[in-house]
Structures are given as structure tokens and as C-alpha cells.
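Written out below as C-alpha cells is the structure these notes cover.
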Amino acid sequence: MKPHFHKVPITLQSSFSIRHDIKPDFGNIWHYHPELELHYNMKGEGVRFIGDNISNFVSDEMVLLGENLPHTWRCKEEYFQNNPDLKVEAMVIHFLPDCLGKHLLNLPEAYLIPKLFEKAKSGLIIHGKAKEKLAKLMGDAIHATNLERIIILLTILKTLAETDEFELITSKNTFYQSNESETLRINKICTYTLSNYKKDISLEEVASLSNLSITSFCRYFKLMTKKTYYDFLIEIRVSHACRFLIENKLPTEMICFNCGFNNVSNFYRHFKKVTGMTPLDYKRKYLNE
């Protein structure tokens with residue numbers, strides 16, 4: 001889907017931004033920006049959209065996003081029910097590739113940094129000791145001033161560039177700025193789908209949201225997302241099923257119907273197509289890890 005350009009607020013007195021957010025939810029605007037983003041989700045659960053990938057996110061998850069890689073974090077439905085005790089918490093760093101000067105990237109000693117930025121275009125999930133170290137550094141950066149901020153950012157880049165404790169999130173794609181009407185339309189479709197994935201959603205419903213005929217809607221959605229609306233809906237349902245399986249509170253058959261699938265065999269078929277494994281194998285793999 002075509003994302004919305006977002007202007008990251010960075011003051012003239014700072015070479016990069018770092019913030020610590022505690023708020024009701026992460027919003028749901030699909031957006032991109034020229035800055036790289038290191039996002040440490042300390043508290044919060046839901047579905048994240050990064051590039052062409054739809055997956056669950058959980059607390060204590062760290063993601064590095066490359067420049068202009070579109071993304072959004074959509075919290076679970078409970079976060080939108082005005083519960084004052086339910087909050088998300090995250091630390092987020094935004095920085096341009098040349099924020100410390102263009103010459104830094106050309107230094108022979110810094111050859112790993114351009115390679116890191118190239119990998120980040122696919123999005124990286126950071127794990128293990130690297131994540132623990134980076135979380136500590138991000139916390140330090142919140143309160144740091146002057147040269148100490150620069151030293152911490154360099155240490156963060158060094159840690160990211162040297163670690164092998166990561167996995168790629170998505171394929172590399174080029175995304176372009178969408179106009180305002182396209183942004184509103186695709187976000188309306190996305191929000192409606194996330195709110196109604198448990199029930200049968202017809203193409204007539206979503207096409208009418210877009211003020212398009214069914215044929216025009218299908219063509220439009222495929223152009224924006226590189227997938228059919230039906231595939232998009234299935235991926236959202238499977239991502240929610242994954243979360244229920246990990247929580248291990250409901251039997252698989254109940255999860256099937258709670259996530260909008262009409263029968264168990266259909267659910268198993270789609271789940272394996274999206275994840276590459278059966279629901280039972282997925283649960284076992286997660287619980288073993």
C-alpha cells in the first residue's frame with residue numbers, strides 16, 4: 001500500500017532524535033521517512049506492518065527500519081477501548097544516514113556502517129545480547145547531552161553493524177510518497193479490516209469504503225500493496241491466530257473461528273501457506289524457544 005510521508009521532528013540543535021513514549025497506542029497511520037528508525041517496543045502488543053510484511057509484535061521487541069521503509073504498529077483492540085491502565089511504551093531513535101557527516105561513511109574504518117544501512121532497508125529484528133545492550137544505550141541516550149549523545153549513537157551503530165543477532169523482516173521495495181486522498185483511502189481500508197477481520201468481509205463492503213467499483217478496487221488494492229485484498233485479509237487473520245496460539249489459552253478450533261475462518265481445514269491450509277508450518281508446529285516451536 002502507498003504510505004504517507006512523515007516529517008520526523010528533529011531540532012536544529014540535534015543531529016538525531018531520541019524519545020521515550022508512554023501513550024494509549026501507536027496510532028495506525030502507514031507512513032515512511034528518510035530517517036532510519038531504531039524502535040524498541042517495551043510494552044504493547046498487536047500487528048505490525050513493515051514493507052510487505054504483516055506480523056505480530058510483542059513487548060520487548062526491537063526493530064531497525066531503513067530509510068523510506070513504510071511501517072505502522074497497530075495495537076490490539078483492547079488498546080482502543082479507553083482503558084487508562086493499558087498503555088504502550090517505547091524508545092525510538094530517528095537519524096539520517098549522514099547525520100554524523102557524509103565523510104564518516106567513507107572512512108575505511110567505518111565500512112560496516114553502509115552495509116548496515118543497506119541491510120536495514122529490509123528491516124531487522126534485533127535479538128539476544130545485542131538487543132539488551134542497545135536497550136541500555138537507548139536509555140542512556142535519552143538523558144545524554146552534547147558529545148555524549150554522539151558517542152552513544154556511534155556505539156549503537158557499532159553494535160548494530162557488528163551483530164549477527166538479527167533476522168530480516170521484508171523484501172527490498174521502493175515506495176513513493178502518496179497523495180493525501182490515497183493515504184486516507186488506504187488507511188480507511190486497513191483500519192476497517194483490522195477492526196472487522198473476525199467476520200466475513202465482502203469486496204462490496206471495502207470497495208464502497210473506497211468509493212470504487214469492485215473491479216476498480218481490486219485493481220487499485222493490488223497496485224498499492226502488491227497483493228490481493230483477500231491475501232491481505234488472510235495474512236491479518238493468520239497473524240492474530242499466531243498470537244492466540246502463543247498465548248496458549250484457547251484450543252486451535254476456537255482460535256480458527258475467533259480469527260474469522262469458516263472451517264478448520266480452511267484455517268489449517270491458509271495458516272501453513274502463510275507461515276510454512278501447521279498451527280501445532282508453530283505453537284511447539286514458540287514454546288520450545
Within region 13-36, the residues that are open to solvent by 10 Å² or more (accessible area, probe 1.4 Å), in a strand (DSSP E or B) and under 21 Å from Leu134 (Cα atoms) are Ser17, Ile18, Arg19, His20, Asp21, Ile22
Mind listing whichever residues of region 189-227 are part of a loop (DSSP other than H, G, I, E, B) and among the β-branched types (Val, Ile, Thr)?
Ile201
Among the listed residues Glu118, Glu89, Glu109, which satisfies the condition of being under 22 Å from Ile142 (Cα atoms) and of a type in the set (D, E, K, R)?
Glu89
If you check Asn187 against the conditions, is it open to solvent by less than 20 Å² (accessible area, probe 1.4 Å) and modelled with pLDDT under 90?
yes
Considering only region 11-33, state which residues are out of contact with any Cys (no Cβ under 6 Å at 6 or more places or on another chain), modelled with pLDDT of 55 or more and more than 27 Å from Leu223 (Cβ to Cβ).
Gln13, Ser14, Ser17, Ile18, Arg19, His20, Asp21, Ile22, Lys23, Pro24
Pairs where the first residue, in region 254-270, is touching a residue at least 24 places away in the same chain (Cβ under 8 Å) and the second is β-branched (Val, Ile, Thr) and surrounded by fewer than 19 Cβ atoms within 10 Å (Cβ to Cβ), C-beta under 9 Å, 6+ apart:
Gly260/Ile201; Phe267/Thr252
Every residue from region 16-38 that is of a type in the set (Gly, Ala, Ser) and without any contact (Cβ under 8 Å) to a residue 60 or more places away in the chain:
Gly27
Determine whether region 117-135 contains at least one residue that is surrounded by fewer than 19 Cβ atoms within 10 Å (Cβ to Cβ), modelled with pLDDT of 95 or more and of a type in the set (Asp, Glu).
yes
Of the residues in region 76-113, those that are loosely packed, with under 14 Cβ neighbours inside 10 Å, under 27 Å from Arg48 (Cβ atoms) and free of Cβ contacts under 8 Å to residues at least 60 places away in the same chain come to Glu78, Gln81, Asn82, Asn83, Pro84, Asp85, Leu112
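The values are calculated or read from the model by the stated rules, or taken from the named source; none is laboratory data. Because the structure is a prediction, the values reported are computed rather than measured. All Cβ positions, glycine included, derive from the backbone under ideal geometry; neighbour counts span all protein chains shown. Keep in mind that these areas ignore ligands, DNA and RNA; they rest on the heavy atoms of the full protein, side chains included. Shrake-Rupley method; radii C 1.70, N 1.55, O 1.52, S 1.80 Å.
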